[in-house]
Amino acid sequence: MKKLMIGVGGLVVLLIAAAVIVPLLIPLDAYKPQIAKAVRDATGRELTMGSIRLSLLPRLAVEVDDVAFSNAPGASAPQMATLKQLALQVQLLPLLSGDIAVDRFVLVNPVINLEVDQNGKAN
């Protein structure tokens, strides 16, 4: 029984260590061009991001610093939205089944410029 408890304890420690170390090994900055391209393809506008951080404990969370989304052509402000930081926290089990369950969505210091052009089209 004592060996079983030591084995289970060792496994728990190993899982926690992996959850802490794995996010450090993923080169998140390498995904920024792919994310920006997906946004450009979907919207026709540019997305820029600063550093990206990922954590697995206590929940799966992503934080992105210095986010900027460009405005529509002809708009008075160059950026439609700027954020000091975007923080997103999702539940892991629904994500594994293909669903997204958001626990937390935080925009830090958002500046959002909503405009309507002369033709009545919103940005």
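The values are calculated or read from the model by the stated rules, or taken from the named source; none is laboratory data. On a predicted model such as this, the values are computed, not experimentally measured, just so you know. All Cβ positions, glycine included, derive from the backbone under ideal geometry; neighbour counts span all protein chains shown.
A few notes on this one:
- Flag for GLY44 being modelled with pLDDT of 90 or more, of a type in the set (Gly, Ala, Ser) and closer than 30 Å to GLY120 by Cα: yes
- Filtered residue count, region 49-64, keeping only those that are out of contact with any Phe, Trp or Tyr (no Cβ under 8 Å at 6 or more places or on another chain) and either touching a residue at least 40 places away in the same chain (Cβ under 8 Å) or within 17 Å of THR82 (Cβ to Cβ) (or both): 8
- Of all the criteria given as (1) part of a loop (DSSP other than H, G, I, E, B); (2) at positive phi; (3) in contact with a strand residue (DSSP E or B) (Cβ under 9 Å, 6 or more places away or on another chain), the one not satisfied by ARG45 is (2).
- Across region 62-101, the qualifying residues are those that are of a type in the set (Ser, Thr, Tyr) and surrounded by 12 or more Cβ atoms within 10 Å (Cβ to Cβ), and the one among them that is nearest to the chain's Cα centre (by Cα) is THR82.
- Within the span defined as region 109-118, one or more residues are at pLDDT below 90, β-branched (Val, Ile, Thr), assigned to a strand (DSSP E or B) and touching a strand residue (DSSP E or B) at 6+ places or on another chain (Cβ under 8 Å).
- Top-ranked residue of region 102-123 - restricted to ones that are of a type in the set (D, E, K, R) and surrounded by fewer than 11 Cβ atoms within 10 Å (Cβ to Cβ), ranked as nearest to ARG59 (Cα to Cα): ARG104
- Criterion: out of contact with any strand residue (DSSP E or B) (no Cβ under 8 Å at 6 or more places or on another chain), among the small types (Gly, Ala, Ser) and in a loop (DSSP other than H, G, I, E, B) - qualifying residue of GLY74, GLY50: GLY74
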